[in-house]
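Down below is the structure, laid out as structure tokens.
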């Protein structure tokens, strides 16, 4: 397990400039854990302050409103991190983290993360860059929800997901997942997707959406 963990750490962008000695120390303090699909592995009542690094799979961060409505904060894939906001006083106590797929997660305590950043400032700078990108994505989603209708929001989301995967196929997400990400109901998202399909913008399969007409989808996203 130690050799396996060291290999996972070595090819993560966050740690790319660390020496062999630094990597050996990381290997000692980081826990490697498998999380099965559908498992909620962080809940609001969890008090531990830790950094999660996604090696394999996808994780959804979300909150539940007092009325019981689910609001997706972010969907993160390999190489992403979360939990780092605790260093800035923004704890995750109000958020859930759920594995959308079978995941391999690296976990690091706040104390160990602080020691690493103090000794290796470059790691802290890269972490801030990664956090900034995620916050920019969240801001863009909030703007969409505030100023755009459901079709434009959904078009923006599909384009963003396709860009993240560098492909025209979006796989592994249900209509419910898409609806929760843009702040609407599954039935509404399904109807809009069917309208896009009839217009020849997309094709729909089982947990798969293929983009057929990107130019017109981009036009819809701007509306």
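I'd like the distance between the alpha-carbon centres of the range 151-182 and the range 16-79, rounded to an integer number of Å. First find each Cα centre; the distance between them is then 21 Å.
The modelled label-to-label distance for the pair residue 46/residue 111, using points 7 Å beyond Cα in the direction of Cβ, is 1.9 nm. For the chain, the longest principal axis of the alpha carbon atoms and the long axis of helix 121-147 meet at an angle near 20°. Once the chain from residue 186 to residue 34 is taken as fully extended at 0.36 nm per residue, the excess over their C-alpha distance is 51.7 nm. With respect to the chain, whose longest principal axis is taken over its alpha-carbon atoms, helix 110-119 is tilted by about 70°. Over the range 2-144, Cα pairs under 8 Å with separation of 6+ residues give a relative contact order of 30 percent.
I'd like the FRET efficiency for residue 133 and residue 167, computed as 1/(1 + (r/R0)^6) with the beta carbon distance as r and R0 of 22 Å, rounded to 0.05. That gives a FRET efficiency of 0.65.
Just rank 130, 196, fewest to most, by other beta-carbon atoms within 10 angstrom. Numbers along the way, then the final one.
Details: 130 17, 196 24.
The order, fewest Cβ neighbours first, is 130, 196.
Counting only Cα atoms, the range 148-222 measures 26, 25, 22 Å along its principal axes, largest extent leading.
Between residue 20 and residue 71, take the C-beta separation as r, use R0 = 35 Å, and let me know the FRET efficiency to the nearest 0.05.
Values: r = 43 Å, r/R0 = 1.23.
My answer for the efficiency is 0.20.
Test of understanding: ordering 181, 131 by Cβ neighbours within 10 Å, fewest first, what list do you get?
Arranged by neighbour count, lowest to highest, 181, 131 become 131, 181.
Would you calculate, for the chain, the mean residue ellipticity at 222 nm contributed by helices, counting each DSSP H stretch of 4 or more residues as -39,500 (n - 2.57) and dividing by all residues, to the nearest 500?
Numbers: 8 runs with 102 residues, N = 223.
Rounded to the nearest 500, the figure is -14500 deg cm²/dmol.
Note on the range 2-144: the C-alpha convex hull projects to 8.8 nm² when averaged across all orientations.
Laboratory data are not the source of any read-out in this text; all were calculated from the coordinates shown. The structure presented is a predicted model; accordingly, all values stated were derived computationally and were not measured. Reconstructed Cβ throughout: ideal geometry from the backbone, glycine too, with neighbour counts over all protein chains shown.
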